[in-house]
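Working notes, beginning with the structure itself.
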Amino acid sequence: MTTDRLSATATLPISYLFVPGNRPERFAKAVDAGPDAIILDLEDAVHPDYKPAARAAIWVWQEQTPSTRCQRYIRLNGVDSPFFKHDMTWLGDMRYPQRCTGIFLPKAECPESLFRVVERLLGWNPELQIVAIIETAKGLQQVEAIAGIRGIARLAFGSLDFSLDIDCSQVPEAFLFARNRIVLASRTADLPAPIDGVTPALRDMSTVAQASYYARALGFGAKLCIHPAQLHAVQRAFLPDARQLAWADRVLSAVAGGSHAVQVDGEMVDLPLIEQAQRLRDVASRYGLATKVDAC
């Protein structure tokens, strides 16, 4: 599969790569790895003692880096965290908030608190894309209200923290209800398909690929990554492959005469499948896929 990397505002990211905020030597390397977006992290990846240094490092990089080949986000500490007030003061003082595509808000639970935070963030930069991460039972119980907050651009699932919060195993069936509810909440709020949580595997890319295809099958549209090696597997899973695009072309050719009920490959195709075929072709065009992509 071949894709062109997109400009920072071209389209919705599929792969989001976390980078610890206190590791500035990794910032440019993360961009060069080819994600659709990087997330400069102030939360879980940064020890409490190093959070001030992380803020300082991100500030310097923002000043020195007017543009990047991918979108860039900052994950703040949770609204209820003792570090959140410092994050907001720092972000409000930053000279170049417009160079940041958006903000990830972890441990999203209370719609009223989130509303006030989102309002403040958009007051600094109305173009910010704000992502709420659902990673607790309380957050899941409020997910519809959170998705409906004006200014929330997308939801994400923090599966590892969610498993810790409800004390469940990190297996697909334990997360199925949460994933389904996040997908449905996104759809009913007219948000883009949500972002699936990280897969811890760093060496076994087949595990990353399997998790990515599974999330895509449930209705997710992107995935969080913790290592550059995961990017290709994630991007490949969330984009249509050669067989899907070939099928879409056959369907669209068959209905070019105006019929909405035709046979393709020995199966009946009506309007929902026609619209699915058009969606696949639109995705291919949006993400710069070649007309003929490499077979998977």
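Residues that are β-branched (Val, Ile, Thr), part of a helix (DSSP H, G or I) and over 30 Å from residue 202 (Cβ atoms) within the stretch 226-270 comprise just one, 251. For the residues 104, 177, 162, the requirement of being within 16 Å of the chain's Cα centre (by Cα) and among the aromatic types (Phe, Trp, Tyr) singles out 104. Of the residues making up the stretch 11-56, those that are farther than 26 Å from residue 161 by Cα and more than 18 Å from the chain's Cα centre (by Cα) are 25, 28, 29, 32, 56. Residues that are closer than 23 Å to residue 123 by Cα number at least 3 in the following helices (runs of 4 or more DSSP H) confined to the stretch 23-94: 51-64, 84-93. Of all the residues in the stretch 183-207, those that are buried (at least 16 other Cβ atoms within 10 Å of the Cβ) and either more than 16 Å from residue 223 (Cα to Cα) or in contact with an Asp or Glu (Cβ under 9 Å, 6 or more places away or on another chain) (or both) number 3.
State whether the residues of the stretch 201-211 include one that is of a type in the set (S, T, N, Q), touching a residue at least 12 places away in the same chain (Cβ under 8 Å), assigned by TED's automatic domain parsing to the domain that holds residue 104 and closer than 21 Å to residue 180 by Cα. No, because not a single residue in the stretch 201-211 is of a type in the set (S, T, N, Q), touching a residue at least 12 places away in the same chain (Cβ under 8 Å), assigned by TED's automatic domain parsing to the domain that holds residue 104 and closer than 21 Å to residue 180 by Cα.
Please verify whether residue 108 is touching a strand residue (DSSP E or B) at 6+ places or on another chain (Cβ under 6 Å), assigned to a loop (DSSP other than H, G, I, E, B) and either at pLDDT 95 or above or not assigned by TED's automatic domain parsing to the domain that holds residue 159 (or both), treating the condition exactly as stated. Yes, satisfied. Take residue 251 and decide whether it is modelled with pLDDT under 95 and surrounded by 15 or more Cβ atoms within 10 Å (Cβ to Cβ). Taking the combined requirement at face value, the residue satisfies it. I'd like to know if the stretch 112-130 contains one or more residues that are in contact with a helix residue (DSSP H, G or I) (Cβ under 9 Å, 6 or more places away or on another chain), assigned by TED's automatic domain parsing to the domain that holds residue 177 and closer than 14 Å to residue 178 by Cα. Checked against the condition, which is being in contact with a helix residue (DSSP H, G or I) (Cβ under 9 Å, 6 or more places away or on another chain), assigned by TED's automatic domain parsing to the domain that holds residue 177 and closer than 14 Å to residue 178 by Cα, the stretch 112-130 yields no hits at all.
Taking only pairs six or more apart or across chains, which ones have beta-carbon atoms under 6 Å, a first residue in the stretch 261-274 that is under 19 Å from residue 245 (Cβ atoms), and a second residue that is surrounded by fewer than 18 Cβ atoms within 10 Å (Cβ to Cβ) and basic (Lys, Arg)? Hits for this filter: 264/250.
Have a look at 131, 143 and point out the one that is at pLDDT 95 or above, within 20 Å of residue 38 (Cα to Cα) and surrounded by 22 or more Cβ atoms within 10 Å (Cβ to Cβ). Just a single option satisfies the conditions, and that option is 131. Scanning the stretch 22-62 for residues that are surrounded by 15 or more Cβ atoms within 10 Å (Cβ to Cβ), among the acidic types (Asp, Glu) and without any contact (Cβ under 8 Å) to a residue 60 or more places away in the chain gives a single hit, 41.
The values are calculated or read from the model by the stated rules, or taken from the named source; none is laboratory data. This structure is a prediction, so every number in the text was calculated from the model and none was measured. Please note: Cβ atoms are built from the backbone with ideal geometry, for glycine as well, and neighbour counts cover all protein chains shown.
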